[in-house]
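Read the figures in this text as sums done on the coordinates, not as results from a lab. The model shown is predicted, which means the values in this text are computed figures rather than measured ones. Please note: Cβ atoms are built from the backbone with ideal geometry, for glycine as well, and neighbour counts cover all protein chains shown.
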Amino acid sequence: MNRSAWKRLSIFLVAGLLLAAFWPPMRLASARPAALVQPFLFPPYPGPASLEGLFDHAGPFQPASDRRLVVFTGDEAAADCPSPLPAGYTPPPLAGQCDGGSGIYWSAGAGDWLASDGHSGVDFGIFYRPVYAAAASDQALAAGWDDPQDHRAGLGLSITLRHANGYRTTYGHLSAVFVQACDAPGCAALKAGDVIGFSGNSGNSAAPHLHFEVTAPGGQAVDPYGWSGEFTDPWPFNPGHPLWAAYPAVLPYGGGQVRLAPSGDELAYPAQGGEGLVVDDDSAGFSESPPGCWMDIPTEAGQSQGGGMRFTRPVSSGLATCSARWDFPAGEPPGVYAVYLRIPARHASSDSAGYTVAHDGEAALLIVSQAAFQDSPFLPGGWLYIGEFVFSGDGGEYISLSNLTQDPPAAVRSLELGADAVRFVFVATLQPEAAPGP
């Protein structure tokens with residue numbers, strides 16, 4: 001894609017994104033140097049991605065009124081072209097036109113358009129892909145909608161994780177959340193690379209992408225790429241070095257020839273595994289409560305598992321009036337199983353379906369935008385991978401879906417909630433716990 005084409009695409013992408021990055025303005029009483037922290041971040045997605053929005057060191061929380069952007073390399077961009085243009089600097093494609101709109105400005109030093117003014121994170125240009133925890137975490141501080149009443153607000157469906165060094169990472173504009181917020185450090189056990197959600201286009205977003213944000217222990221957003229400019233970093237809270245222990249795989253910036261950020265190795269996608277154990281909506285392991293609350297209909301080939309599915313109307317307040325349950329198959333050995341949800345290609349327009357995974361004495365509520373995956377080309381065979389879970393096999397373990405959703409009340413009457421099948425794929429046996437020492 002040439003730069004002029006990318007400019008048009010970027011303007012479309014960033015339009016509407018900037019407000020999503022503007023958390024309430026911070027009043028900074030004084031500038032403190034960032035404490036030294038060892039690199040601890042790993043790529044938050046599989047495969048490569050384009051860099052579409054960068055951390056603005058000139059003021060990541062202010063509205064785009066300064067019309068100036070400074071990125072981690074020290075490259076600057078501004079709405080007003082420098083005049084005269086410094087010697088050796090690349091002029092914009094259209095003479096004298098440095099404002100691309102929506103916080104996108106021409107950088108004569110980088111020789112490319114840079115986005116976006118006032119941005120407090122990094123935007124990776126990926127469509128619908130698994131999202132990985134960028135570091136080990138012992139607590140999900142938040143997991144859900146920025147505003148359950150308005151799914152186009154802020155970061156939409158998002159996750160914030162706490163890490164042992166006091167830093168936090170936030171993953172925004174998701175289409176599914178596979179972790180549940182919990183109350184205190186130690187309430188979760190996530191490893192770097194664990195699947196925590198699926199990227200998407202929720203919230204104040206104009207195109208699918210992943211907003212990735214890092215927050216220091218003091219509460220200040222910082223750039224995971226650190227600072228490598230030749231002058232003093234204008235954002236004084238930022239560490240002077242990258243926080244990446246391994247760089248994400250990134251394409252040349254904006255699809256052009258400029259490579260602002262170093263690129264690491266691509267991470268693999270989660271393995272799809274075999275057919276596994278499928279519990280369909282017409283099998284013995286499926287039940288509904290109360291009986292008959294789901295409408296059972298046939299479907300055309302490829303629209304559902306086994307040629308049929310069920311659907312009902314969601315409710316957004318009070319108690320659930322209808323639920324479906326897929327039991328973990330009886331008689332199967334205990335172990336770690338990958339779990340997949342079959343999202344039907346019809347009658348699945350809810351934006352906030354709540355699936356409960358009950359396993360090994362625990363239960364977690366996951367949020368899935370069925371609308372994002374209904375007849376999606378990004379799901380092989382319509383199966384959505386939601387992660388690996390330990391199943392003890394001692395009964396009482398299941399996946400359930402109720403019709404109580406977080407769809408906005410104004411929209412819920414026009415929506416449908418689909419129920420089809422669940423697949424369990426054996427991954428590993430359970431390792432025996434070590435005997436206590438003397």
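With the cut-off at under 19 Å, measuring from each backbone N in the stretch 180-205 to a point 7 Å along the Cα-to-Cβ line of Ala271 picks out 191-196.
Each of (1) 26.1; (2) 23.2; (3) 24.5 is a candidate for mean projected area of the Cα convex hull in nm²; the one calculated from this structure is (3). Among Ile367, Ile343, Ile297, the largest mean-square fluctuation in a Gaussian network model of the chain, built with springs joining Cα atoms closer than 10 Å, belongs to Ile297. What is the sum of charges, Lys and Arg at +1 and Asp and Glu at -1, for the other residues whose Cβ falls under 15 Å from the Cβ of Arg346? In short, -3. Evaluated with a Cβ-only charge set (Lys, Arg +1; Asp, Glu -1), the stretch 277-428 carries a dipole of roughly 380 debye about its Cα centre, given to the nearest 20.
When the chain is treated as a GNM with alpha-carbon contacts under 10 Å, the residue of Ser205, Ser50, Ser283 showing the greatest mean-square fluctuation is Ser283. Every helix of 4 or more DSSP H residues in the chain counts as -39500 (n - 2.57), and over all residues that averages to -1000 deg cm²/dmol at 222 nm. Annotation: amide H-H contacts under 5 Å for Cys293 (H modelled 1.01 Å from N, sequence separation of 5 or more, or interchain): none. Close amide-amide hydrogen proximity is noted between Gly197 and Val131, Phe178, each under 5 Å apart and 5 or more residues distant or on a separate chain (H modeled in the peptide plane; Pro and chain starts excluded). The modelled label-to-label distance for the pair Arg413/Ala189, using points 7 Å beyond Cα in the direction of Cβ, is 4.8 nm. Close amide H pairs (under 5 Å, H built 1.01 Å from N) link Leu366 with Tyr355, Thr356, Val357, residues at least 5 positions away or on another chain.
Each peptide among 348-359, 239-250 gets the average number of other Cβ atoms lying within 10 Å of its residues, and from highest to lowest they stand as 348-359, 239-250.
Tyr171 sits among other residues whose Cβ lies under 14 Å from its own Cβ, and their net charge, with Lys and Arg +1 and Asp and Glu -1, is -1. Of the residues Leu417, Ala364, Gly285, the one whose Cα sits farthest towards the positive end of the charge dipole of the stretch 277-428 is Leu417 (charges of +1 on Lys and Arg Cβ, -1 on Asp and Glu Cβ, taken about the Cα centre).
Relative to the longest principal axis of the Cα atoms of the chain, the long axis of helix 3-14 makes an angle of roughly 60 degrees. When the chain is treated as a Gaussian network with alpha carbon springs shorter than 10 Å, the biggest mean-square fluctuation among Val427, Val131, Val339 belongs to Val427.
PRE reach from Tyr89 (point 7 Å along Cα→Cβ): which of the stretch 109-133 fall under 11 Å by backbone N? It comes to 109-111, nothing else. The residues packed around Ala189, meaning those with a beta-carbon under 13 Å from its beta-carbon, carry a net charge of -3 if Lys and Arg are +1 and Asp and Glu are -1. In this calculation the C-beta distance from Phe231 to Asp66 is compared with R0 = 25 Å, giving a FRET efficiency of 0.90.
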